[in-house]
Each structure stands twice: as C-alpha cells, then as structure tokens.
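*Asks:* Encoded as structure tokens, here's the structure I'll be asking about.
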C-alpha cells in the first residue's frame, strides 16, 4: 500500500501556494514536536526505570504521532475546525498523499501510544 493507491484530491498549485505561508511553519514545528516527544519519552522512561518491554516501543511510535497532532490541534482548532481541515489539506498537497491513507495509520499509531502509556503507567 502506498501513495499511488491513495492519491490526494486534485492537486492545485495555486491552492498550495496560498496555504504554504500559513501552514509550512506548523508542519515543520510538528516534525520537531515528534522528535522532541520521542526523545523525551525515552529520557522519562529511563529516569523512571521502565523495564524493557514491547509497550515501550509502542509508546515511542505512538507519541511520534500524538505529539505533532496535538501541536497541530492546539495551533488550528482555537481558530475553528476549518483551519484544522485546511492544515490537513496542505499536508495532503505538500506530500502528495491522501488522508484516506494517512488518517487510519496515524489513528492506529496514536491509539497504540495511548494504550502503551496506560499499560506502562498501570504496571
């Protein structure tokens, strides 16, 4: 399964150019949030002496998705759901991929991160 099987809606260069100044900074910040979130979780897990478990891997992969999505939500949703949708349209066009592929994968990884965090906190 790849991007060719799930192409984005029509790609409009003028639309992309109008969205680029509004959302490129947020997309870059979301990548940094993913890295910071993963490294932060590794440090916290080490400090809390979390034992070596597959849940730790689930936690890291899940929070690689959760931290950027939370940042995107914090930056867009206060201005309305239209901004949230507009950001994700920018993401589709920038990476030439459909949210029909991205959304289920991100959702699964986010759930894995939440479940992994719950398991590690309760053990």
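*Asks:* Please give the calculated 222 nm ellipticity per residue for the chain, where each DSSP H segment of at least 4 residues contributes -39500 (n - 2.57) and the sum is spread over every residue; nearest 500 deg cm²/dmol?
*Replies:* That calculation yields -28000 deg cm²/dmol at 222 nm.
*Asks:* Mind checking the full-extension length gain between residue 70 and residue 25? Use 0.36 nm per residue of separation minus the Cα-Cα distance, one decimal, nm.
*Replies:* Stretched fully, the residue 70-residue 25 segment lengthens by 14.7 nm.
*Asks:* Related question: How would you rank 46, 23, 91, going from fewest to most other Cβ atoms within 10 Å of each one's own Cβ?
*Replies:* If I rank by nearby Cβ atoms, fewest first, I get 46, 91, 23.
*Asks:* Would you mind checking the tilt of helix 13-47 against the longest principal axis of the Cα atoms of the chain, expressed as 0 to 90 degrees and rounded to 10?
*Replies:* Rounded to the nearest ten degrees, it is 0.
*Asks:* Based on other C-beta atoms within 10 Å, arrange 83, 49 from fewest to most.
*Replies:* If I rank by nearby Cβ atoms, fewest first, I get 49, 83.
*Asks:* Using the 10 angstrom Cβ neighbour count as an exposure proxy, how do 98, 30 rank, fewest first?
*Replies:* 98, 30
*Asks:* Using only Cα atoms, find the angle between the long axis of helix 81-95 and the longest principal axis of the chain, and express it within 0 to 90 degrees, rounded to the nearest 10.
*Replies:* 90 degrees
*Asks:* What percent of all Cα-Cα pairs in region 11-122 falls in each 5 Å bin, counting up from 0?
*Replies:* 2, 12, 19, 21, 17, 12, 8, 6, 2, 1, 0
*Asks:* Full-extension gain between residue 96 and residue 121, please, as 0.36 nm times their residue separation minus the C-alpha to C-alpha distance.
*Replies:* My answer for the length gained is 5.2 nm.
*Asks:* Mean separation of Cα pairs under 8 Å and 6+ residues apart, divided by the residue count of the chain: what relative contact order is that in percent?
*Replies:* 42 percent
The numbers here are math on the coordinates, done by the rules we state, and not lab data. Predicted, not measured: the structure shown is a model, and the values here were computed from it. Using ideal geometry, Cβ is built from the backbone for each residue, glycine included, and neighbour counts are taken over all protein chains shown.
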